[in-house]
């Protein structure tokens, strides 16, 4: 069901320090630099910082897999024991994201383009 790894998002409590680290790592400034999200395009993937991630329960990086049908993918994951931790949410332009937690407590991010 998943097609490709679309992005990986890191929660951060100090966005400026995290931005400096990723800028040094990637050798470039962020492509998106907003108070709610900082993102770098790296080899066709988005690597992002979520300043509000800890408040959303993020305890570490979350990979987001591109899927064609987010609802069907969630249903398939629930059928094997995953639980929804964030229902599909439109993050702009019709792009949907959601997260589930698998039986071992790992967070799996899902993304669906419009």
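The values are calculated or read from the model by the stated rules, or taken from the named source; none is laboratory data. Worth saying up front: this structure is predicted, and the values here are computed from it rather than measured. Note: ideal-geometry Cβ built from the backbone for every residue, glycine included; neighbour counts use all protein chains shown.
Please work out which residue is farthest from residue 13 (Cα to Cα), limiting yourself to the stretch 48-80 and to residues that are surrounded by 20 or more Cβ atoms within 10 Å (Cβ to Cβ) and touching a helix residue (DSSP H, G or I) at 6+ places or on another chain (Cβ under 7 Å).
Ranking the qualifying residues of the stretch 48-80, first place goes to 67.
Of the residues that sit in the stretch 38-47 and are in contact with a strand residue (DSSP E or B) (Cβ under 6 Å, 6 or more places away or on another chain) and without any contact (Cβ under 8 Å) to a residue 40 or more places away in the chain, which one is surrounded by the fewest Cβ atoms within 10 Å (Cβ to Cβ)?
Top of the filtered list is 39.
Can you find even one residue in the stretch 54-66 that is on the phi > 0 side of the Ramachandran plot and at pLDDT 95 or above?
No: zero hits.
Give me a count of the residues in the stretch 1-37 that are in a strand (DSSP E or B) and either surrounded by 13 or more Cβ atoms within 10 Å (Cβ to Cβ) or at pLDDT 90 or above (or both).
Kept after step one, since they are in a strand (DSSP E or B), are these residues of the stretch 1-37: 2-11, 32-34, 37.
Imposing the further condition that a residue be either surrounded by 13 or more Cβ atoms within 10 Å (Cβ to Cβ) or at pLDDT 90 or above (or both) reduces the set to 2, 5-11, 32-34, 37.
Summing the residues that are in a strand (DSSP E or B) and either surrounded by 13 or more Cβ atoms within 10 Å (Cβ to Cβ) or at pLDDT 90 or above (or both) in the stretch 1-37 gives 12.
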